[in-house]
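Everything below concerns the one structure shown next.
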Amino acid sequence: MTKWLGVALLPCADQMRSAIRVQQELAGEHELQPPLAMDGNLPHATVFQGPFVDSLAPERELAGIVGSVSLPKEIRLASTGVVYQPTGWVFLALERTPLLDTLQSAVLAALAPHLDRDAFDTSKDTSRFTESERASYARYGYRYTGDAYAPHITLGRADEQVAFSRRGAGPGRRGAADAAGG
């Protein structure tokens with residue numbers, strides 16, 4: 001049976017509340033899905049996610065990742081603004097830093113051998129992906145790795161026209177987002 005696992009950084013509580021407010025302000029009369037909440041779908045910055053075989057031991061692998069990368073207690077990440085991502089996604093884009101690249105590389109090195117490649121959705125329409133995103137998706141079953149890595153906090157998904165209209169509608173540089181590193 002396939003296990004789905006995501007590795008993510010969680011912003012501090014103030015930054016989570018800020019991301020929730022940004023989502024609500026952007027949504028207007030069109031709610032972005034899923035709604036972010038402090039007691040439900042927490043705002044987070046995904047490093048990698050995918051389908052894994054049963055033999056994956058998440059705790060052991062995550063401990064190995066944390067041990068292989070020197071992470072500070074807090075990682076300061078600057079927002080670069082609200083962006084639209086086909087199809088229908090609205091992101092709070094985060095600055096791509098060398099530390100995030102190193103962390104994603106460590107995550108991929110540890111987890112890629114455990115990917116359940118048979119669970120990749122090969123029927124997914126990737127026509128609106130960039131070439132790098134297509135290559136990432138084919139290799140890892142996840143769109144945002146390597147050259148295609150785009151650190152972000154997902155603000156939600158909406159009808160394509162609604163999501164497209166929200167690009168750049170939100171605050172520009174929102175300041176720094178603190179993410180716990182471990």
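The values are calculated or read from the model by the stated rules, or taken from the named source; none is laboratory data. If you're wondering where the values come from, they're calculated on a predicted model, not measured in any experiment. Glycine gets a Cβ as well: all are built from the backbone with ideal geometry, and neighbour counts include every protein chain shown. Surface areas here come from the heavy atoms of the whole protein model, side chains and all, with no ligands, DNA or RNA. Shrake-Rupley method; radii C 1.70, N 1.55, O 1.52, S 1.80 Å.
I'd like to check which strands (runs of 3 or more DSSP E) are fully inside the stretch 1-91 and have at least 1 residues that are of a type in the set (S, T, N, Q).
Fully inside the stretch 1-91 and qualifying: 45-52, 74-85.
From VAL53, VAL47, VAL7, which residue is open to solvent by less than 30 Å² (accessible area, probe 1.4 Å) and touching a Ser or Thr at 6+ places or on another chain (Cβ under 8 Å)?
VAL7
From the list ALA135, ALA169, which residue is out of contact with any Lys or Arg (no Cβ under 7 Å at 6 or more places or on another chain) and at pLDDT below 95?
Only one candidate qualifies: ALA169.
Considering every residue within the stretch 65-77, establish whether at least one is under 16 Å from the mean Cα position of the chain (by Cα) and either within 17 Å of THR145 (Cα to Cα) or open to solvent by less than 50 Å² (accessible area, probe 1.4 Å) (or both).
yes
Can you pull out the residues in the stretch 45-55 that are more than 17 Å from the chain's Cα centre (by Cα) and either closer than 24 Å to ARG96 by Cβ or at pLDDT below 95 (or both)?
Of everything in the stretch 45-55, those that are more than 17 Å from the chain's Cα centre (by Cα) and either closer than 24 Å to ARG96 by Cβ or at pLDDT below 95 (or both) turn out to be ASP54, SER55.
Could you tell me which numbered condition PRO35 fails, if it satisfies all but one of (1) out of contact with any Lys or Arg (no Cβ under 9 Å at 6 or more places or on another chain); (2) open to solvent by less than 30 Å² (accessible area, probe 1.4 Å); (3) not charged (D, E, K, R)?
(2)
Within the stretch 86-118, restricting attention to residues that are of a type outside the set (A, V, I, L, M, F, W, C), farther than 27 Å from THR2 by Cα and within 13 Å of the chain's Cα centre (by Cα), which residue is least open to solvent (accessible area, probe 1.4 Å)?
That would be GLU95.
Considering only residues that are within 19 Å of GLU31 (Cβ to Cβ) and surrounded by 20 or more Cβ atoms within 10 Å (Cβ to Cβ), look in the stretch 139-159 and name the one that is modelled with the lowest pLDDT.
It comes out as ALA158.
Can you pull out every residue in the stretch 119-129 that is open to solvent by less than 70 Å² (accessible area, probe 1.4 Å) and among the hydroxyl-bearing types (Ser, Thr, Tyr)?
Residue satisfying the conditions is THR126 alone.
Residues in the stretch 131-149 that are at negative phi and without any contact (Cβ under 8 Å) to a residue 60 or more places away in the chain: how many?
Summing the residues that are at negative phi and without any contact (Cβ under 8 Å) to a residue 60 or more places away in the chain in the stretch 131-149 gives 13.
For the stretch 102-116, check the following and say yes or no: at least one residue is closer than 27 Å to LEU32 by Cβ and in a loop (DSSP other than H, G, I, E, B).
No.
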